[in-house]
1. Quick one: which strands (runs of 3 or more DSSP E) lie wholly within region B:126-189 and hold at least 2 residues that are touching a helix residue (DSSP H, G or I) at 6+ places or on another chain (Cβ under 7 Å) and more than 19 Å from residue B:249 (Cβ to Cβ)?
2. Filter region A:233-254 for residues that are surrounded by 14 or more Cβ atoms within 10 Å (Cβ to Cβ) and more than 60 Å from the chain's Cα centre (by Cα); which is nearest to the other protein chains (Cβ to nearest Cβ)?
3. State which residue pairs qualify: first residue modelled with pLDDT under 85 and inside region A:440-467, second residue part of a loop (DSSP other than H, G, I, E, B) and surrounded by fewer than 13 Cβ atoms within 10 Å (Cβ to Cβ) in any location, beta carbons under 9 Å apart, and separation of 6 or more residues or different chains.
4. Find the residue count for region A:219-229, including only residues that are facing another protein chain (nearest Cβ under 10 Å) and either over 50 Å from the mean Cα position of the chain (by Cα) or over 26 Å from residue B:426 (Cα atoms) (or both).
5. Among residues belonging to region B:135-164 that are over 20 Å from residue B:79 (Cα atoms) and away from chain A (no Cβ under 11 Å), point out the one that is surrounded by the most Cβ atoms within 10 Å (Cβ to Cβ).
6. Is one or more of the residues making up region A:325-336 away from chain B (no Cβ under 14 Å), more than 33 Å from the chain's Cα centre (by Cα) and free of Cβ contacts under 8 Å to residues at least 40 places away in the same chain?
7. Anything in region A:285-329 that is in contact with a helix residue (DSSP H, G or I) (Cβ under 7 Å, 6 or more places away or on another chain), assigned to a loop (DSSP other than H, G, I, E, B) and closer than 28 Å to residue B:127 by Cα? List them, or say none.
8. Does residue B:206 count as assigned to a helix (DSSP H, G or I) and either within 14 Å of chain A (Cβ to nearest Cβ) or touching a residue at least 40 places away in the same chain (Cβ under 8 Å) (or both)?
């Protein structure tokens, strides 16, 4: 993938310099150069541009004026270039990720480009590529005149099945998305489906090669043995079958209590149950925990919490046929990648802004972090998809508890950052404690036999340190559990 | 009234004894005289052995053995939580708790598994196929790790020191194989039937077993609360097919030369049948097992053999004589009275009631002396007059019926208490014992 880049700068020497850097870069091509705002707007409106290097100070208008005028530009595609860092905060308001202060090093440039690239890749998978792939699939079904688009069993594919044309267009890491794409296509009315079968996949990596075995409920070891119990009716002796096996007569079963030879199951004895023994911890039990170990990522899951997937065959609808022929535009919804919930950088930017604001006016602000210490136990059990749902639920809960000017973001799946603006530590603490309790209640209510432990850290926002320093300090006192 | 007094005046003391010969010959010596003699011996004994008792307690705590509590049962899930709570309150806590679910049809298995997960039960075992209480107890025994095995019923509950107290006799004397605790009625005030049973249990356990234990003729350790040495239990292969498995296992332990003790200090509360109908069913089951185990399975006790010991012989004779022989003799006595005193039958009946009531009061007098919880026993005094009818008539009728049915029809082998398959197998075994004896 190459990004078509537009350089907007009134300084000709800088344009040349930047052009060289772009041309040297493997992932970039030059899509155009503009020396003032007007040219820039024209190019942005006419060309297909993936990346914009935008100068702030230009003779006719500022870079921000350009952004105001061109509505359909994605801020993540924009890198601000400027002689001073003064406009950084304003850039954040536009949601612009990166800000290059002239002159900048090659490393700084690379860093900025890589960020844009990652972003673009993500967007491509979630929308453009998916829509393209589905278009191909619909066309494939239509041209081959398949009445029934069926999955083919395949040892090599991640799910154990592949859909022709569809699976091969996804890299192995994302093969499971085939089912999601087909589901969405069905929701959009392009396809109808017929149930074929169900299967289970790893909660973590969606692989369907799972190894099932019985494990000890006490120590989780798979080194367990089971023995049938024999109940000898005449003397009421009950014990494992090995009690009845003697060395003198290896084929016969002899009662250890009354020394009679067992004759006929159901007549003089039966086998009422099975008892397991753990070779590791000597635990005795009858209800082994059946666990599934993923052959690829080694996650070990309780079978009750495995993800169940339905395998279906699909039939093209008339709308689907139109879509295949390009008469209808294919536009599937995005996948939930939690970009709005888990965003470290966003919080850091936010905090920088708060620090700048604080320099100009006198007020107190507070930052806090919650670490959900043992929540990964739940994540392991409920799997990736449900973990995301849970994180989103917690996120929405916290959001409903705070003021509109406050902000909450997940730093990772286990750590939450909170910014309480215009409140000092003592004022913010009750709010933070209430939120802590609400999170705990939410999790504990939903998962019986589980008690969430949360550690938290509360600090005032200071102007003497940078945002990243303060965030580091905020996290420093938390236990390292990742 | 005048005629009544005149009649008895005429009879005099000798006539009175003649008419109530059954009482003076059998019941007075056994239930009044013997009780008080042995109460005296028991009290003196425990007075002089106070040190040995305290020593034994210290030895128990010094040894502090792991014990296994085995609770077999069917459809008892509803009782598990209450039971576990009762056990959590015990002064002696070094125990492994095994609950065996004998093919319950209700939610017992779900409750049990859940409690095992929560760590409230150490081991919950379930037989999907019902096998009878003995087989369930044996399954628990198979996985018992403790030095002693406590056998409890799921619907019992215990005084806080019950487990500790019931273990002490093992440290008081050598060679004790099993110890039985005291059973008292928990639902005492529920109905007339339960009140009568309360009195009966108190007389039977606090007094009867104390006497039997002093005499060394204790013949049954109640399944609701008994402790066994695990190695001894394993030696005899655990329990045999019931009903009557409690008495049976006690006999077997005696047979291989161990002592069987009783302690009035360890108290267990149990629910008894609330209606006479249910009570009758229960007593028929109990009575049948006497015939089955004395006369069929363990008849060797009645005959001199290599294992013969006088004390075992006496234990069985006491049991057979007082519960079985006298039960039939009483009908002859009834006949005697009916024939010889036909016109005065009412006088005899009234006087008899008075005699038996007084006798029961005297007999019951021992209870508060021995019992730890005296105040609530007083309430039961009101039911003593009624006991004449309860034990004098009701229990006798039930027993007679059960004995005859069992002797001639082998009823116990059809008992629903056991699955048919085990009853059938057990009968074949006992038939073979019969054949061996008749061939001698």
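1. On the way: elements: B:148-152, B:156-158, B:176-185.
Because the criterion is at least 2 residues that are touching a helix residue (DSSP H, G or I) at 6+ places or on another chain (Cβ under 7 Å) and more than 19 Å from residue B:249 (Cβ to Cβ), the strands (runs of 3 or more DSSP E) in region B:126-189 that meet it are B:156-158, B:176-185.
2. A:234
3. Taking only residues 6 or more apart or on different chains, the pairs are A:449/B:118.
4. Here is the first cut: in region A:219-229, the residues facing another protein chain (nearest Cβ under 10 Å) are A:229.
Still in the list and also either over 50 Å from the mean Cα position of the chain (by Cα) or over 26 Å from residue B:426 (Cα atoms) (or both): none.
Residues flagged as facing another protein chain (nearest Cβ under 10 Å) and either over 50 Å from the mean Cα position of the chain (by Cα) or over 26 Å from residue B:426 (Cα atoms) (or both) within region A:219-229 amount to 0.
5. Top of the filtered list is B:149.
6. yes
7. Selection gives A:287 alone.
8. Numbers: assigned to a helix (DSSP H, G or I): yes; either within 14 Å of chain A (Cβ to nearest Cβ) or touching a residue at least 40 places away in the same chain (Cβ under 8 Å) (or both): yes.
Taking the combined requirement at face value, the residue satisfies it.
The values are calculated or read from the model by the stated rules, or taken from the named source; none is laboratory data. The shown structure was predicted, so the numbers you read here are calculated from the model rather than taken from an experiment. Counting neighbours? That spans all protein chains shown, and the Cβs are built from the backbone with ideal geometry, glycine included.
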